[in-house]
Amino acid sequence: MLFKEPALRLKDKMIEFRRDFHSHPEVSFCEERTNAVIRKFLEDNGIEIQEVDAGYSVVGLIRGGHPGKTFALRADIDALPMPELNDVPYKSTVENVMHACGHDAHTAALMGVALMINEVKDQMHGNVKLLFQAAEEKIPGGAKTLVEKGALENPYVDVVMGMHVSNQLPVGKVAFGAGPGAAASDTYKFKIIGKGGHGASPHTTIDPIAIAAYFITSLQSIVSRNVEPVQGSVITVGAIHGGTKENIIADEVEMLATVRSLDEEVRALLHRRIQEVCKGTELTYGCNVEWEVEMGYPVLINDGDFIKKYAVPSCEKVVGAENIIEIKKSGMGGEDFAYYLQQRPGCFGSLGSGNAEKGLTVGGHNSMFDLDEDAIWRGAACLAQAAWDYLEENK
Ligand SMILES: [Zn+2]
Ligand SMILES: [Zn+2]
């Protein structure tokens, strides 16, 4: 079974789906309309909806005519709290909300997969589960809840796969990488509490601004001196606030930092050392250091065997072997697809959606982001093909 032609035939329909979502974006945990559109779509096409009580996520199930394994495909459905600055007919109609990460395209592609698989389900050995997942963009995310509520059970899901559009990759290309594919990304809020006073009498104060300078330097030394050089990690202090005037020593300084890593052991090391630096700073400077941490998504680990055996050969049937790219280095972005891959083998690939000729090169999370819609049918065909081929080979 080949899905390239069927996907091409559904191309315009999928673009229509995408534009509808694009003009009606909803932020994480608020995807009420999107949820309703997906539910109605599944109902209209006679596709089973599994009630999992996971916010606005929707789980569809297509049971094959023959018994077999279950392959889950995931599309995230949420948008971002930012204005759209593109002048396109399908521009966001909601103020300060925009599909700036391409999740509208992911949702449309998965709807295309649903139509194609539903058409041939009688010949299928096993099942395809459709995870329309809410709230990817906001911690704690929607994936964790779906996993906790049993979306990977009943029937037991054997593998899970997803793809994310990327304007860094030209449309027509897809990319996979074994191992880490997205970083664990955690957030710290620090407060250095000193003792304010006159800028001319520092000896009567505990100056939190001077301490903050040493504190940030100490944090940076964790990455340079404690983490093994070949391991990826980042500590970025992205916000610092304190003080009002040149001759007043402030009472306190607040900071926000993102802490990222590609390995759960490195992640634990970073947290241990950061908290030790907080304690050490208190002892050294006589201040108080308060900290709060918000743990983000875990490290996303792609299954190299699955990529080699299934993802790549199936995608080759859609885009050609010459258009499959191997990702050798992970970026430091976060992605809650990591939760599925903690539970099951599978992979999260990149779907080329950039097109320099059409001026579509701006990356995600930008008010000028838009994608080449020719990516959508390709994404749908790749996902449907991978699911079908896996179920055939494991029947
Ligand atoms: Zn995003
Ligand atoms: Zn995204």
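The values are calculated or read from the model by the stated rules, or taken from the named source; none is laboratory data. Remember, predicted model here, so these are calculated numbers, not experimental data. Glycine also receives a Cβ, built like all others from the backbone with ideal geometry; neighbour counts cover every protein chain displayed. For accessibility, only protein heavy atoms count, side chains too; no ligands or nucleic acids. Shrake-Rupley method; radii C 1.70, N 1.55, O 1.52, S 1.80 Å.
If you scan the stretch 118-136, which residues turn out to be of a type in the set (A, V, I, L, M), crowded, with 24+ Cβ neighbours inside 10 Å and more than 16 Å from ligand 1 (Cβ to nearest atom)?
Residues satisfying the conditions are 128, 130, 131.
Condition check: part of a helix (DSSP H, G or I) and within 30 Å of residue 71 (Cα to Cα). Does residue 169 satisfy that?
The answer is no for residue 169.
Among the residues of the stretch 123-136, which ones are closer than 19 Å to residue 111 by Cβ, more than 16 Å from ligand 2 (Cβ to nearest atom) and not in a loop (DSSP other than H, G, I, E, B)?
Result: 127, 128, 129, 130.
Is it the case, given these coordinates, that residue 272 is in a strand (DSSP E or B) and within 30 Å of residue 179 (Cβ to Cβ)? Please lay out each step first, then the result.
Working: in a strand (DSSP E or B): no; within 30 Å of residue 179 (Cβ to Cβ): yes.
It is false that residue 272 is in a strand (DSSP E or B) and within 30 Å of residue 179 (Cβ to Cβ).
Just need a number here: residues in the stretch 234-269 that are free of Cβ contacts under 8 Å to residues at least 60 places away in the same chain, in a helix (DSSP H, G or I) and open to solvent by 50 Å² or more (accessible area, probe 1.4 Å).
So the answer is 2.
Quick grid of which residues meet (1) surrounded by 17 or more Cβ atoms within 10 Å (Cβ to Cβ); (2) over 17 Å from residue 188 (Cβ atoms):
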| site | (1), (2) |
| --- | --- |
| 272 | no, no |
| 275 | no, no |
| 283 | no, yes |
| 286 | no, yes |
| 293 | no, no |
| 304 | no, yes |
| 307 | yes, yes |
| 312 | yes, yes |
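Which pairs have Cβ atoms under 6 Å, sit 6 or more apart or on different chains, and link a residue in the stretch 352-373 that is under 19 Å from residue 333 (Cα atoms) to one that is open to solvent by 50 Å² or more (accessible area, probe 1.4 Å) and more than 13 Å from ligand 2 (Cβ to nearest atom)?
Filtered contacts from the stretch 352-373: 352/170; 352/173; 354/170; 354/361; 362/368; 367/83; 367/85.
Scan the stretch 182-233 residue by residue and report those that are out of contact with any helix residue (DSSP H, G or I) (no Cβ under 9 Å at 6 or more places or on another chain), among the hydroxyl-bearing types (Ser, Thr, Tyr) and in a helix (DSSP H, G or I).
Result: 204, 217, 224.
Determine whether residue 26 is touching a helix residue (DSSP H, G or I) at 6+ places or on another chain (Cβ under 8 Å) and over 16 Å from residue 111 (Cα atoms). Steps first, answer last, please.
Values: touching a helix residue (DSSP H, G or I) at 6+ places or on another chain (Cβ under 8 Å): yes; over 16 Å from residue 111 (Cα atoms): yes.
So residue 26 fits the description; yes.
Would it be correct to say that residue 26 is at pLDDT 95 or above and surrounded by fewer than 20 Cβ atoms within 10 Å (Cβ to Cβ)? Please lay out each step first, then the result.
Working: at pLDDT 95 or above: yes; surrounded by fewer than 20 Cβ atoms within 10 Å (Cβ to Cβ): no.
Answer is no for this residue.
In contact with a Ser or Thr (Cβ under 9 Å, 6 or more places away or on another chain), over 30 Å from residue 343 (Cβ atoms) and among the β-branched types (Val, Ile, Thr): is that true of residue 222 in this structure?
yes
Identify all residues within the stretch 324-340 that are surrounded by 18 or more Cβ atoms within 10 Å (Cβ to Cβ) and not in a loop (DSSP other than H, G, I, E, B); write none if there are none.
324, 338, 339, 340, listed by residue number.
Would you mind stating whether residue 348 is aromatic (Phe, Trp, Tyr), under 15 Å from residue 167 (Cβ atoms) and either within 16 Å of ligand 2 (Cβ to nearest atom) or buried (at least 20 other Cβ atoms within 10 Å of the Cβ) (or both)?
In short, no.
State all residues of the stretch 137-154 that are within 14 Å of ligand 2 (Cβ to nearest atom), open to solvent by less than 10 Å² (accessible area, probe 1.4 Å) and not in a helix (DSSP H, G or I); if no residue qualifies, say none.
Scanning the stretch 137-154 gives 141, 142.
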